[in-house]
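Heads up, the thing below is written out as structure tokens.
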Amino acid sequence: MEFLYDLPVLGFIFQLAGYLVGAVATTNLAPQTLQLATPIALGALCGVMNERSGIVNIGIEGMMLTAAFAGFMVAVFVDEAMPDVQPSAFFGFTPALIIGVLAAVAAGMLVSLLHAWLSISVRADQIISGTVINIIALGLTGYLNRLIRPSGSAGTFNSFRPPQELIDLPVVGWIFRMFLSLGPISMSVIVLVIVLQVLLFRSRWGLRTRAVGEHPRAADTVGIDVIWLRYRNVVLGGVFAGLAGAWLTLEFNASFQNGMTANRGFIALAAVIFGRWTPLGAFGGALLFMFSEALGVAIRSNPPAGELGVWLSGVQSTYPSLYNNAFSALPYILTIIVLAGVVGRSIAPAAVGQPYVKEGTT
Amino acid sequence: MSVVRRIWSLSVIPLASIVLALLVGSILIIASSPASQGSLDFFLPIRAYESLFEGATGLSFLNIEDDGVLAFGLSVDVERALRALTSTIVAAAPLILTGLAVGVGFKAGLFNIGGTGQVLVGGFFAALAGAAVADQPVPVAVTLAVLAGAFGGALYGFIPGALKAFTGAHEVVVTIMLNSLAAFAIVGLVNDVFKIPGPTFARTGNIGNAALPILFGRDGSLGVLIALAIVPIAYFLIYRTTLGFEIRTVGANPSAARYAGMSPRWLIVFTLSLCGLFAGLAGTIEILTLGYYPAVFGTTIGFAGITVALLGRSHPFGILFAGILLGGMRAGAPAMQIQADIPIEIIDVIQGLILLFLAAELVIRRLLRIRGESVTPGELQSVSRSYGEGSA
Amino acid sequence: MTQTVSAPALEMRGITKRYPGVVANDHIDLQVKPGEIHALLGENGAGKSTLMNILYGLAAPDEGEIHLDGSPVRISGPSDAIARGISMVHQHFMLVPVLSVADNILLGEETMANPIFLDRNEAHRRIVELGERFGFEIDPEVKVGSLSVGWQQRVEILKALYREARILVLDEPTAVLTPQETKEIFEVLRRLAAEGHSIIFISHKLYEVLEIADRITVIRRGKVVGSRIPSETDEDDLAALMVGRNVQLVVDRGESHPAEPNLVVSGLTVSDDRGHVAVKGVSFDVRAGEIFGIAGVAGNGQDELVEALTGLRRPTSGTVELGGKIVTGAGPRALQRAGMSFVPGDRHRFGLVLGFPLEDNLVLTQYDEPPYSRGLLRNDAAIRERASQAISEFDIRTPSATVATSTLSGGNQQKAVVAREFTRDLTALVLDQPTRGLDVGSIEFIHRQVIAKRDAGAAILLVSAELDEVMEMSDRIAVMYRGEIVALVDGPTAQREEIGLLMATGRREEAALVAATTSMAADAPVIDHSEAPAPAPRQPPAPDEPDPGEPAEPDTGDRS
């Protein structure tokens, strides 16, 4: 097999493929991809809920940031108020962490309510509404962070440890590793994705939501309350954004930095478009986008064999900063490629972005 | 309609938004005063805004007695006022440019959130060019560096423009991605390629003679003049030329534009490139004032441009005033931080609040029962509507 | 239809509804008996839709009462109306194109397998059953967007029946149907009436109303101005009631003196947005001084043909000659410079920029030519002068030339488009649905202008879905079917039945046969509609093909 690696041009491709296969099975590549994809996937679920109902939401970033901050602050506060609690063996639950998650979710829902109000009742331009949320979130969390200057942290959730026998299974072991050696929020993602996918296409709620996003007047004329449905869906979408924020400060990091969402909310948006506004598709998009970043980490710790590895190491030593930044930049580049190539054929819900005015009213 | 009434009708919503934002900001200040002052301080907002105003204009209308009592008293120190006004206009110059970068885009139905990236790339190009021509005579060096910066910004506006025009990729998400990309790429380039040996932190070379000459005050540079000159040029372009009519038509109704024989695709490319050019100039001013490009250069003027554009109703003259206003806030913020002990991030919050109230203008109208003209440009309908569509 | 003397199924008494500046309904009384087909006749804007919106719960009356089966009711919203057995089929279909037939029918009245999940199997069963009961076979899984307009109409009716509606309101149901499809829908309606459903049929088409209705109520400017039984009235009487004066229904088109061809199209092939061939090697010519009409059901390639001729779409092959010059593939600007003007079908989308002042719109297609533009600069004074000229010449009702164009009425907006496009030196003029949605007065005006342009020597191409318009105005008529021109007939002598059949099926021989037999059937005895023979069961349409409808049987007992 190794001789394939030595072919002139194709050799690189085989080396890459071989490396990927090996890395997936042995390194942390798969679980780390899913981990990194968690906030993206959750943000994308928020986006799907919004946009399937006809509301453009580019404020996912701000919602996540607000939730991350709120969850962190509340968790630290509770933690300081209860200093002697031991983390449970189960995911390392503590009251502080759990209440923190609830606070994050509540924050996500509140900010979503603002977006819903601006978009639906005030009929402001929805892109501006989302931008407003992003700007205020950034400013407010920065201001409060500076003001309160919290010290200490509430710690984070622990990852689940799946039984070794499952991991050691020959071909599929890595799948178990990918889905099970994660923290609670990350583990819940796949469940949420599947549940939302099924509900969107098989339940009454899903049918009504899709109709409202495509042709709200048609839904109105059969007696569906378009306004109430949109409000409800947007606020529920905030739950997902809240979970994403909670993941940032309560599962992934143990602290809050200004602007720590780092445009993840927008990658989530791209995942929505990539996935054709379906939960499963968006999840796939999230995995794809974050795969590149995980790959960067894996390559740095475990360079591939053959010329590819040599070349990469060479690049790394001559241009260390560019090399690192390139991997971080990959999701963004991928996003642009996706938008340029896919959007032309990816159709959004027909009525997205247009405020709904009930007939007979001005 | 008389001129006075027209001006009132155009500016009432922006003014109301500012007032409301300051009001909400003051609530926030009061609410957070326990953390900074130790106890609830209801007068903190007044002191805060006063020092903000003073920092911006040099005009002080309050005196604080030793025992903490506020007394009304107008005092003006001419020298301090000039300094303050200078710093206001200096802070306003880049904001005016980024405001134009967003506002002109709005006219064409495009939402240019990529101001940040365009500012960075423009500044970067200017820094590199400046370092290359550092020993040339000043007029040559400055001109070349400024042109390079404008070109860099235009280039970075061209990319999303071309993508939107030829693939339908929506400019909002693309420009946001490009913002991050610019940051990553430039950091890498400065650290690995363009770093000069010597300084303790990674940065590009000195720009020498390409530095913007100071024309007045301590830091009133050529950049101010550039910004002030661009405003009437932008106005003339948009409202008096055929090209401007085409841009406005594409923003208002792209299908009708095609029918009228215009080419929406090229107009989109041109407009976004022009927007990029404006933002690039803003970055150029910042960097040519700083003297080099540091590896990590953070700036919020790109996003602030959105507030400026909406506050100024996407009209060049409105943007001029809005830019001066927000520039004043930024110039006065350090004074506020020192005198009232409030983190300067509050300015970002207030700016966000202004934007919030501008967006919620329908509510403001009903609340205050006023009938001004709408702030959100009608062209924005095209922006949100084109979000889901494929190719233009 | 035998009727026992009983309470009317629906009675609306003294319904009044006011909107700012206008009284939409002014003390309107309406009575509909069970099993009756009741037509509501009136111009655009007369108040028929408002009245029905009130009935359907989309609006609340300021005064008046509604009685169902003799008891007064208050209808609080569409759900309430549906629950009471009132269903409405809107003029612009309220169907979601990406959803299936079943999903569209289910929406709002979902059949559930359990509290969360839909029961699509049961829904499918009921839908197929309902279709059969009323004479058609339908596939519930087909996406509505791929159905022809006639079939979408049936889906809308099924929506109502699924909810067990007893009163069906149909708003302009035949606006987009071919004569063939109209006949078929009328059959369905008669069967529904025979089963006791009451049907309210809103229309502005006089001959249809005379054909289908048991009773006709005419509304003008919000008031009921007359109630008639078809056997006691005729088109002129109804038209006079509708408009309030004697209307010249058909503009006198005079004689045409065609000269050389100004517009020559050869073998033109055009693809649509999805890459399918929409126009298949079409050839025709339009001579100076003639009006060449293209009739056809919407969606048979007319849009793509018009776009190719006006520069908005590139043809894949073939040639177009304008005034002797080859202009194939040229853009709108080049074509306009070469002497072509175009009145687009969708004036809000293509013809005007609603947010701009009227004066800008009046020079929209000439903005870059002198005197309106000198080099880079615009000449505001010249634009203003042109605007006031156009406003007076075409009698455009507007407070000034600088108001936003959106404030004008539909008729005046179209006049603005016409004013702009009709004042060049024209080699050729392309008109796409030039009078859609306009009031009778504006229609008259525009038709007169078109005739004048023809007499001045322009070659005029008229594309319209209103068969009447095409037949009234055209000197020659081409019928377009599935991207081809299937017939070319002389205008003044064309037969409506023949053209309608060609539009629906594209088959020449059958069309001629029907034209012959129809004139025979005109002498046949009138048959009571309740005993009409059942139409033969239909094959459901293939998902991708437009549905042409069935060829008509010669003995349908046409009542006209």
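The values are calculated or read from the model by the stated rules, or taken from the named source; none is laboratory data. Please read all numbers here as calculations on a predicted model, not as lab measurements. With ideal geometry, Cβ positions are generated from the backbone for all residues, glycine too; neighbour counts draw on all protein chains shown.
In table form, for the structure just shown:
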| read-out | value |
| --- | --- |
| Checklist (1) polar (S, T, N, Q); (2) in contact with a helix residue (DSSP H, G or I) (Cβ under 6 Å, 6 or more places away or on another chain); (3) surrounded by fewer than 16 Cβ atoms within 10 Å (Cβ to Cβ) applied to C:Ser341, failing item | (3) |
| Extreme residue, nearest to the other protein chains (Cβ to nearest Cβ), among residues of segment C:39-91 that are within 13 Å of C:Asn25 (Cα to Cα) and assigned to a helix (DSSP H, G or I) | C:Asn53 |
| Residue match in segment A:104-118 (condition: farther than 22 Å from A:Gly265 by Cα, part of a helix (DSSP H, G or I) and more than 14 Å from every other protein chain (Cβ to nearest Cβ)) | no |
| Residues of segment C:414-467 classified as basic (Lys, Arg) and out of contact with any Gly (no Cβ under 8 Å at 6 or more places or on another chain), total | 4 |
| Qualifying residue in segment B:293-301 (condition: under 17 Å from B:Tyr156 (Cα atoms), crowded, with 24+ Cβ neighbours inside 10 Å and either out of contact with any Phe, Trp or Tyr (no Cβ under 8 Å at 6 or more places or on another chain) or modelled with pLDDT of 90 or more (or both)) | yes |
| Residue list for segment B:1-54, restricted to those being part of a loop (DSSP other than H, G, I, E, B) and touching a Leu at 6+ places or on another chain (Cβ under 7 Å) | B:Phe43 |
| Helices (runs of 4 or more DSSP H) contained entirely in segment A:173-282, each with at least 1 residues that are closer than 21 Å to A:Ala116 by Cα, away from chain C (no Cβ under 14 Å) and within 12 Å of the chain's Cα centre (by Cα) | A:226-246, A:264-274 |
| Pick from segment C:118-169, criterion of a type in the set (D, E, K, R) and within 30 Å of C:Tyr481 (Cβ to Cβ), ranking: surrounded by the most Cβ atoms within 10 Å (Cβ to Cβ) | C:Lys159 |
| Helices (runs of 4 or more DSSP H) lying entirely in segment C:376-491 (those with 1 or more residues that are in contact (Cβ under 8 Å) with a residue 12 or more places away in the chain and among the basic types (Lys, Arg)) | C:380-393, C:410-421, C:440-455 |
| Some residue of segment A:132-150 being touching a Phe, Trp or Tyr at 6+ places or on another chain (Cβ under 8 Å), farther than 19 Å from B:Gly114 by Cα and surrounded by 23 or more Cβ atoms within 10 Å (Cβ to Cβ) | yes |
| Scan of segment C:358-372 for residues that are at the interface with chain B (Cβ under 7 Å from one of its Cβ atoms) and either more than 39 Å from the chain's Cα centre (by Cα) or in contact (Cβ under 8 Å) with a residue 40 or more places away in the chain (or both), ordered by number | C:Leu364, C:Thr365 |
| Filtered residues of segment C:103-128 (kept if facing another protein chain (nearest Cβ under 10 Å) and part of a helix (DSSP H, G or I)) | C:Asp103, C:Asn104, C:Ile105, C:Leu106, C:Arg120 |
| Residue match in segment C:474-484 (condition: more than 23 Å from the chain's Cα centre (by Cα) and at pLDDT 85 or above) | no |
| Enumeration of residues in segment A:304-362 that are in contact with a Ser or Thr (Cβ under 6 Å, 6 or more places away or on another chain), at pLDDT 75 or above and within 22 Å of A:Ile127 (Cα to Cα) | A:Tyr332, A:Ala340, A:Gly353 |
| Long-range neighbours under 6 Å by Cβ, at least six apart or interchain, first residue at the interface with another protein chain (Cβ under 7 Å from one of its Cβ atoms) within segment B:176-205, second aromatic (Phe, Trp, Tyr) | B:Ile176/A:Phe266; B:Met177/A:Tyr332; B:Ser180/A:Tyr332; B:Leu181/A:Tyr332; B:Asp192/A:Tyr319 |
| Cβ-Cβ under 6 Å pairs, at least 6 apart or on other chains, segment A:234-251 side under 15 Å from A:Val111 (Cα atoms), far side among the β-branched types (Val, Ile, Thr) and modelled with pLDDT of 95 or more | A:Val239/A:Val105; A:Ala241/A:Ile60; A:Gly242/A:Val105 |
| Residue among C:Val22, C:Val89 that alone is over 15 Å from C:His197 (Cα atoms) and of a type in the set (A, V, I, L, M, F, W, C) | C:Val22 |
| Positions within segment C:101-117 being buried (at least 21 other Cβ atoms within 10 Å of the Cβ) and not charged (D, E, K, R), in sequence order | C:Val101, C:Ala102, C:Asn104, C:Ile105, C:Leu106, C:Leu107, C:Gly108 |
| Qualifying residues in segment C:310-357 (those that are of a type in the set (Lys, Arg) and not in a strand (DSSP E or B)) - the one nearest to the other protein chains (Cβ to nearest Cβ) | C:Arg333 |
| From the options C:Asp285, C:Asp273, C:Asp236, residue that is surrounded by fewer than 18 Cβ atoms within 10 Å (Cβ to Cβ) and either part of a loop (DSSP other than H, G, I, E, B) or not charged (D, E, K, R) (or both) | C:Asp273 |
| Candidates B:Ala162, B:Ala126, B:Ala131 - the one that is small (Gly, Ala, Ser) and either within 27 Å of A:Gly259 (Cα to Cα) or crowded, with 24+ Cβ neighbours inside 10 Å (or both) | B:Ala126 |
| Positions within segment C:112-121 being over 18 Å from A:Thr209 (Cβ atoms) and touching a strand residue (DSSP E or B) at 6+ places or on another chain (Cβ under 9 Å), in sequence order | C:Asp119 |
| Qualifying residue in segment B:120-130 (condition: free of Cβ contacts under 8 Å to residues at least 24 places away in the same chain and under 21 Å from the mean Cα position of the chain (by Cα)) | no |
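The rows are residues; the columns are (1) touching a Phe, Trp or Tyr at 6+ places or on another chain (Cβ under 7 Å); (2) in contact (Cβ under 8 Å) with a residue 12 or more places away in the chain; (3) not hydrophobic (A, V, I, L, M, F, W, C).
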position	(1), (2), (3)
C:Ile219	no, yes, no
C:Lys223	no, yes, yes
C:Ser231	no, no, yes
C:Asp234	no, yes, yes
C:Leu238	no, yes, no
C:Pro258	no, yes, yes
C:Gln302	no, yes, yes
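Conditions (1) small (Gly, Ala, Ser); (2) assigned to a loop (DSSP other than H, G, I, E, B); (3) touching a helix residue (DSSP H, G or I) at 6+ places or on another chain (Cβ under 9 Å), marked per residue:
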residue: A:Gly43; (1), (2), (3): yes, no, yes
residue: A:Met49; (1), (2), (3): no, no, yes
residue: A:Ile55; (1), (2), (3): no, yes, yes
residue: A:Ala67; (1), (2), (3): yes, no, yes
residue: A:Val74; (1), (2), (3): no, no, yes
residue: A:Glu80; (1), (2), (3): no, no, yes
residue: A:Asp84; (1), (2), (3): no, yes, no
residue: A:Ser88; (1), (2), (3): yes, yes, no
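Each row is one residue, and each column tells you yes or no for (1) of a type in the set (Asp, Glu); (2) more than 25 Å from the chain's Cα centre (by Cα).
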| position | (1), (2) |
| --- | --- |
| C:Leu268 | no, yes |
| C:Asp272 | yes, no |
| C:Gly275 | no, yes |
| C:Ile294 | no, no |
| C:Thr310 | no, no |
| C:Gly331 | no, yes |
